[in-house]
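> Right, I'll just put the structure down here and ask away after.
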Amino acid sequence: MMTMSHAATPERGDLWALSEGAGIVVLIWAIFALASAVPEFSSVVEKMSTDDAMRLVEVRDWLGGQGWFDLTQRRLNPPDGVIMHWSRLIDLPIALLLKLFGLAMPGDRALAATLTLWPLILLLPALLAVASASRTLAGDRAGAIGALLLVASPAVTRCFAPGALDHHGAQIALALILLACALKLERSKKAAIGAGCAAAAMTGIGMETAPHVAVCATMIALRWALVGEGLARGAALFGATFAGGTVVVALTTLSVESWLARVCDTLGAGHLAIAIVGGLGLALATRLGGESRASRLFALAQVGLATGAALWLVAPNCLSSPYAMLPERLRSDWLAKVEEAQPFFVLTRDAPTMALAIGTPLLVSLGVAIWAVATASREVFWAVATACAMFAAALAVTAWQSRGMGLAFAMAGPLLPMGALAFGRGGMPRVLAAVVALSPVALALLGLGVATLAGLPPIDGKRVASSCPSRDYASLDALPAGLALNTVDTGPFILAFSRLSAVAAPYHRNVAGISDALDAFEGSEEAARAVTVSRRAAYVVVCPLDAGVTPAAKRHPDGFAAALLSSTPPAWLAPVELAPDAKLRAFRVLAGAPQ
């Protein structure tokens, strides 16, 4: 049986050892960046998702004078607005790029440049981190392979593609940095501090990576408790930096009242309690834990109990489902129809061919992870186990919600080079063949081939979410300011490209807005009219390309949605003339129409 050991790595004179530096990784990044940026620049605005558009709104509001600590979107669900659960940590660099490009370019070009450059900037540290982690696990040859396999993973690169303005790319880059630093914890103070900083930043940006931070921290703590020798300093530095870094993030991005907020979807009292008690507790345990393994395990158990107690005392609501506070109707009628928020088994049931294309690379990666742990030598066991644990956490998140697949593929990045080098022994041609065979693209094609042989239906292109062109939304800016009763997915684009306000947008804190949108577009004309009057809406805006109106019209052929798509809209609405080829449909609410 083959075993994983640094002893099997090549001498430093080998050409593969060039990947130990940043040169090859930067070259891979530059090729990918040029191949992505050049063809996409002119149409990059159209690549934005709802989250990308909403991030743009948040950044522009801050640049327009909104307070740094004020995350309320006042044009969404007015007059109350919606307090967003996002972080200024992402807003800041985007705003700086917009201002910088704005000094030399018109507004639309500055936006296109920012949309193009920001995701690609994030990709470089992600590639450097995956190369570093790969080298730690499998030697010098693995660095370039890890970077190559990462850019060969569409689930990852779509988070760094031009137009990807939101925080998903940043979270992937930080998760890889966390792993790369954690694998060198015992050898470098900088690595220990870097791991703590990455964990704090991930916690500050969003809670979708909380499981990855928790698993990595647990592995660091367990490694210290079980091994002890040489790990106390690194574990202590990590714990102290994580605690201090999280406090710094809270101080610099949260208002004073937010410190005490028992929120679970963003940094709040509960997460601060975990970081402070857990991080400082680990640092203290390394000082007082004693010399024996039993005493270290006892000290670690006390830290775990104290951390759990702190969360239970400060924010017990965070021990339940993150969507526990969402009304049942929104869970069943809205969230259950958001594809990326569904468990992976739902995708397997509803789109088996797509599930095979996604699942085959992940299943093979899981096999490589199990093999790697089973065959790892003593010297690299804990490094391999830590990488596999973070991959397992990402798989668990993906099983719960399909949106986690980007991080799952990213966490597989440092593991696949181990398999490629082990199974491709015998020279460069065999290694390259193994790299191709284990690439996510090749494995996805294998999954598609299996689906074809099994007679499964092809991937339905209509399942891919789409939106109306940005120029359609920009044409709304010519209208007098007012509130639009809108389908949920149009909200971010209305806010990003026009002066109008919007009732709804696809965010779980927008409970009242989503509820009213469901009442209107899933209901009768009378119900929609009642919502319009109660909201004092001046317009009705729908995009037939998204999931908000056309499916509703099919489900309720006598309802409001069907009437909007017909040639004779309700009498109390007047069509707004947009561009001749506009996909978006907008209507003005007539003041004198019967109620």
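> With (1) surrounded by fewer than 17 Cβ atoms within 10 Å (Cβ to Cβ); (2) of a type in the set (Ser, Thr, Tyr); (3) under 27 Å from the mean Cα position of the chain (by Cα) as the list, and residue 467 as the residue in question, which single condition is left unmet?
Result: residue 467 fails condition (1) only.
> Among the residues of segment 360-388, what is the count of those that are surrounded by 20 or more Cβ atoms within 10 Å (Cβ to Cβ) and under 20 Å from residue 220 (Cα atoms)?
Adding up the residues that qualify gives 10.
> Which residues, counting only those in segment 98-122, are surrounded by fewer than 17 Cβ atoms within 10 Å (Cβ to Cβ), in a helix (DSSP H, G or I) and among the small types (Gly, Ala, Ser)?
Those that are surrounded by fewer than 17 Cβ atoms within 10 Å (Cβ to Cβ), in a helix (DSSP H, G or I) and among the small types (Gly, Ala, Ser): 102, 107.
> Further question: Of all residues in segment 207-232 being buried (at least 19 other Cβ atoms within 10 Å of the Cβ) and farther than 19 Å from residue 395 by Cβ, which is modelled with the lowest pLDDT?
231
> Does segment 363-376 hold any residues that are touching a helix residue (DSSP H, G or I) at 6+ places or on another chain (Cβ under 6 Å) and touching a residue at least 24 places away in the same chain (Cβ under 8 Å), and which are they? Show your work before the answer.
Filtering segment 363-376 down to residues touching a helix residue (DSSP H, G or I) at 6+ places or on another chain (Cβ under 6 Å) leaves 364-365, 368-369, 372-373, 376.
Passing the criteria: 364, 365, 368, 369, 372, 376.
> Suppose we filter segment 556-572 for residues that are farther than 23 Å from residue 470 by Cα and in contact with a helix residue (DSSP H, G or I) (Cβ under 8 Å, 6 or more places away or on another chain); how many remain?
8
> Then there is this: Could we say that residue 534 is surrounded by fewer than 20 Cβ atoms within 10 Å (Cβ to Cβ), outside any helix (DSSP H, G or I) and of a type in the set (Ser, Thr, Tyr) here?
No: the conditions fail for residue 534.
> Let me ask something else about it. Under the condition of being over 30 Å from residue 353 (Cβ atoms) and hydrophobic (A, V, I, L, M, F, W, C), which residue from segment 419-443 is surrounded by the most Cβ atoms within 10 Å (Cβ to Cβ)? Working first, answer last.
So in segment 419-443, the residues over 30 Å from residue 353 (Cβ atoms) come out as 421-422, 425-431.
Narrowing the set further to residues that are hydrophobic (A, V, I, L, M, F, W, C) leaves 421-422, 428, 431.
Values: 421: 25, 422: 19, 428: 11, 431: 20.
Within segment 419-443, the match that is surrounded by the most Cβ atoms within 10 Å (Cβ to Cβ) is 421.
> Considering each residue of segment 475-502, count those that are closer than 29 Å to residue 42 by Cβ and either assigned to a loop (DSSP other than H, G, I, E, B) or more than 27 Å from the chain's Cα centre (by Cα) (or both), and give that number.
10
> Among the candidates 294, 310, 336, 301, single out the residue that is part of a helix (DSSP H, G or I), of a type in the set (A, V, I, L, M, F, W, C) and crowded, with 17+ Cβ neighbours inside 10 Å.
Step by step, each of 294, 310, 336, 301 is checked, and only 310 is part of a helix (DSSP H, G or I), of a type in the set (A, V, I, L, M, F, W, C) and crowded, with 17+ Cβ neighbours inside 10 Å.
> Still on this structure, I have one more. Any residue at all in segment 207-224 that's without any contact (Cβ under 8 Å) to a residue 40 or more places away in the chain, out of contact with any Asp or Glu (no Cβ under 8 Å at 6 or more places or on another chain), not polar (S, T, N, Q) and not in a helix (DSSP H, G or I)?
There is no residue in segment 207-224 that is without any contact (Cβ under 8 Å) to a residue 40 or more places away in the chain, out of contact with any Asp or Glu (no Cβ under 8 Å at 6 or more places or on another chain), not polar (S, T, N, Q) and not in a helix (DSSP H, G or I).
> Among the helices (runs of 4 or more DSSP H) contained in segment 347-422, which hold 1 or more residues that are over 22 Å from residue 437 (Cα atoms) and among the hydrophobic types (A, V, I, L, M, F, W, C)?
Fully inside segment 347-422 and qualifying: 381-400.
The values are calculated or read from the model by the stated rules, or taken from the named source; none is laboratory data. Everything numeric here is computed off the predicted structure, so don't read it as measured data. Here the Cβ is made from the backbone with ideal geometry for all residues, glycine too, and neighbour counts use every protein chain on show.
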